[in-house]
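Reviewing the structure listed below.
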Amino acid sequence: MPSHATPFPVGSVGHTLNQMHGVWHDHIELFKLDGSPLDDDSGAGSGTPGPGPFDNLVYLDFDGERLQLTNVHIRGREPSAKTFTGRLRDGVLVFDPLGPGAYENIGMSGGPGLLTFNARCLDSATQLYMEPDFILLTAPGQRVRHTVLYRHGEAQRTLTARGTRLWPGCEQRHPLDPRGAEGPVHETPFQSSIWASLAEAEVGAAD
C-alpha cells in the first residue's frame, strides 16, 4: 500500500482499498451462466457492452477518504475511459450517484482482502439493472474481480477480470494508456441513463 496511506483495521473497507491503490492491468473474460465463453455481451444488456475478452487499465486512487476509479479499454474493445467516484462514510464506501433514478451503490467488506460493490437496498432500480462486483486480493499485486449482470431481475452473464498491479501510485498516466501520456488520469465521473425512466416516473408522480 502507499507510504502515505491512512491506517485502517485489517479487513476493513479502507484497509483493502489501501492495498488496491495504484494502476492495474485487468484481463477480462465474459461467460454465459453455464461457464461457456461469451464473445459479446451487448445482447445481455450490459451497462458497458462489447466484445470479449478484453483488457483494461484500472487507476484505483484512494486517499483514505475519497475514491476515484477509472477503467480504460486498452485491448479488445474500442478505447474509452470511465471514472467512478465515492467516499468512505462510517466505514463503508458510498459511491456517488450512478445516474438519475439509480440505486445507491456501496462498497462492503467480506474480510481481509475481499470487497463487494453492490446496492445498499433492493428496489425498482436494482430490478431494472444491477451488476454486483466481488473483488478478491489473491496475492500481493494480484486480484480477481467477478461480476454478475442482472437485467429485469434475471441473471444474464458473468464476467471475470484477473488483475496485476503495474504501479503503486496513480499520479500519471501509464504508457499503455491509449489516451496518451499527457492529461489527468481520471475523467468526469460517469453517469448512466439506464434508470432514467424511473427518475422520470418519480417526477411525474410528484406532479
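Nothing in this text is a laboratory measurement; each read-out follows from the coordinates by a stated rule. Everything quoted here is computed from the prediction, not taken from an experiment. Here Cβ is always computed from backbone atoms with ideal geometry, including for glycine, and neighbour counts include all displayed protein chains.
Using Cα springs under 10 Å in a Gaussian network model of the chain, which residue among Ala161, Ala125, Ala139 shows the largest mean-square fluctuation?
Ala139
Please state the relative contact order of the chain as a whole percent: Cα pairs under 8 Å, 6+ residues apart?
Reported relative contact order: 23 percent.
Where does the chain land at 222 nm, in deg cm²/dmol rounded to the nearest 500, when only DSSP H runs of n ≥ 4 count, each adding -39500 (n - 2.57), divided by all residues?
Result for the chain: -3000 deg cm²/dmol, rounded to the nearest 500.
Enumerate the residues in the range 115-139 having an amide nitrogen under 19 Å from the point lying 7 Å beyond the Cα of His146 toward its Cβ.
Backbone N within reach: 115-119, 130-139.
Rounded to the nearest 0.05, what FRET efficiency do Arg89 and Thr160 have when you use their Cβ-Cβ distance and R0 = 41 Å?
0.90
Note down the nm distance, to one decimal, between modelled labels 7 Å out along Cα→Cβ at Thr116 and at Thr6.
Distance between label points: 2.4 nm.
Considering the convex hull of the alpha carbon atoms of the chain, report its projected area averaged over all viewing directions, in nm², one decimal.
It is 12.2 nm².
Which length gain, in nm to one decimal place, applies between Asp63 and Leu136 when the Cα-Cα distance is subtracted from 0.36 nm times their residue separation?
24.3 nm
Run through every distinct alpha carbon pair of the range 89-185 and return the Kirkwood hydrodynamic radius in angstroms, one decimal place.
Its Kirkwood hydrodynamic radius stands at 15.6 Å.
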